[in-house]
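Structure record follows, encoded as structure tokens.
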């Protein structure tokens with residue numbers, strides 16, 4: 001009996017090895033060229049326009065019942081040093097059902113070829129995170145990590161308690177967030193761009209797929225460096241603009257609202273909040289009513305300067321290099337969230353040196369053609385996304401600065417990134433393929449690419465990487481002609 005059991009166990013282990021291949025290399029092709037035409041376009045915010053579709057889709061595709069039963073923490077064997085690093089989480093429960101529920105956990109990082117980055121038995125907790133990536137893509141959900149004490153991750157070079165695991169389930173290249181952050185890190189006008197690396201994730205011994213491990217948008221060494229003060233006019237600020245803020249907070253307490261403009265999204269209204277309004281949250285520091293009013297007045301002052309199209313007035317309150325680089329990223333990626341959500345900025349400096357700085361950049365899984373309204377690499381569209389973009393693009397000195405920074409700084413960064421991403425995808429082809437053994441969605445319609453047949457038809461991970469790199473190259477070539 002014992003011999004039979006051992007034989008069955010050996011057969012099962014061999015089948016698992018064949019099903020989930022080791023992370024080894026493969027080969028590749030290269031990028032292509034473009035076309036012309038320049039137009040200004042506007043897209044509605046997706047989560048409201050498609051709310052009923054999303055609910056129906058979730059009903060049909062929610063696999064939480066399969067993935068998230070009662071799980072008893074088990075002991076595992078760390079992965080080999082070949083391939084991507086593996087992050088193992090032992091959780092006292094499942095983090096994939098209740099987004100806001102913190103679950104005590106322990107963590108181990110292994111593999112990836114550099115033992116200096118490994119750690120074991122780090123304590124902390126995890127919970128769900130995200131908006132559309134949580135509600136619209138339940139098959140593979142993102143997580144937030146909070147260690148008990150500051151912990152460096154891989155080659156980040158800095159230790160923090162808070163880290164993010166991006167699932168990228170709606171991006172079948174798994175690389176749009178990574179590629180965009182890689183570009184952003186090379187743009188000198190962006191004060192700080194989050195660190196990002198790809199990892200295999202295991203939760204309670206079960207393989208969950210390839211995730212992007214990234215910095216939380218936070219304050220501290222290696223991240224934003226800001227100073228808090230009880231005097232609102234001295235304190236520095238980290239802000240986020242997100243139109244959804246009205247859903248979970250009170251205006252004047254949790255967020256402030258400024259500027260209703262004829263430019264921007266289609267003019268429908270939810271809970272009395274027009275899609276053309278801009279809602280801002282103070283993410284740091286903890287805001288008093290005085291801080292809230294100061295930040296509101298400062299952002300409004302920036303808005304008035306931008307509307308004036310007076311470059312001197314704009315430069316007196318806005319760091320124009322950071323805005324230029326921020327706009328280059330939004331335009332390059334054709335980001336449908338631009339002017340709608342995940343739009344971060346900082347109020348920094350003192351006295352005459354006080355400015356609004358744009359960044360960090362964030363949230364790019366629905367970009368570079370991975371968006372059912374738009375898969376074209378041509379056309380300038382930011383002017384239709386927000387009145388700041390509209391007015392800045394019509395300010396001659398700023399438009400000139402934008403073109404200069406794109407050609408001298410962004411173009412080399414884009415070339416460097418497409419080369420790097422090609423090498424990464426080739427080296428770890430089997431690692432990325434393993435994600436789709438766990439989540440067999442290639443060649444199927446998954447939000448946000450559930451309607452363009454060009455996206456749905458791509459049935460391999462290398463095919464999605466080819467689409468991404470081709471789009472980036474053609475988009476950059478178009479922008480070089482159009483700016």
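Computed from the coordinates by the stated procedures, all read-outs in this text should not be read as laboratory data. Values in this document were obtained by computation on a predicted structure and should not be read as measured data. Glycine also receives a Cβ, built like all others from the backbone with ideal geometry; neighbour counts cover every protein chain displayed.
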Residue 407-residue 120 pseudo-label distance in nm [points 7 Å out on the Cα-to-Cβ vector]: 5.7 nm
For segment 351-422, restrict the atom set to alpha-carbon positions and state the Rg and Dmax in Å. 15.2, 46
Pairwise centroid distance, computed over Cα atoms, of segment 277-341 with segment 382-407, Å: 14 Å
Per-residue Cβ neighbour rank within 10 angstrom, fewest leading, 178, 387, 207: 207, 387, 178
How big is the gap, in Å, between the Cα center of segment 221-243 and the Cα center of segment 167-206? 24 Å
Relative contact order for segment 278-422 using alpha-carbon pairs under 8 Å, separation at least 6, rounded to a whole percent? 25 percent
Residues of segment 234-257 with backbone N under 17 Å of the label point set 7 Å from the Cα of residue 286 along Cα→Cβ are 235-238, 253-255
Return the FRET efficiency for the residue pair residue 92, residue 400: r is the Cβ-Cβ distance, R0 is 60 Å, and the value is rounded to the nearest 0.05. 0.60
Take the Cα of residue 248, step 7 Å along the line toward its Cβ, and report every residue of segment 205-221 whose backbone nitrogen sits under 17 Å from that point. 216-218
With 10 angstrom as the radius, rank 470, 325 by how many other C-beta atoms surround their C-beta, starting from the fewest. 470, 325
Label-point separation in nm, residue 100 to residue 185, each point 7 Å along Cα→Cβ: 3.4 nm
Which three semi-axes in whole Å describe the equivalent ellipsoid of segment 237-402, each the square root of 5 times a Cα gyration tensor eigenvalue, listed largest first? 23, 21, 14
Convex hull volume of the Cα atoms in segment 328-483, per residue, in Å³? 137 Å³
Residues of segment 163-200 with backbone N under 19 Å of the label point set 7 Å from the Cα of residue 373 along Cα→Cβ are 170-171
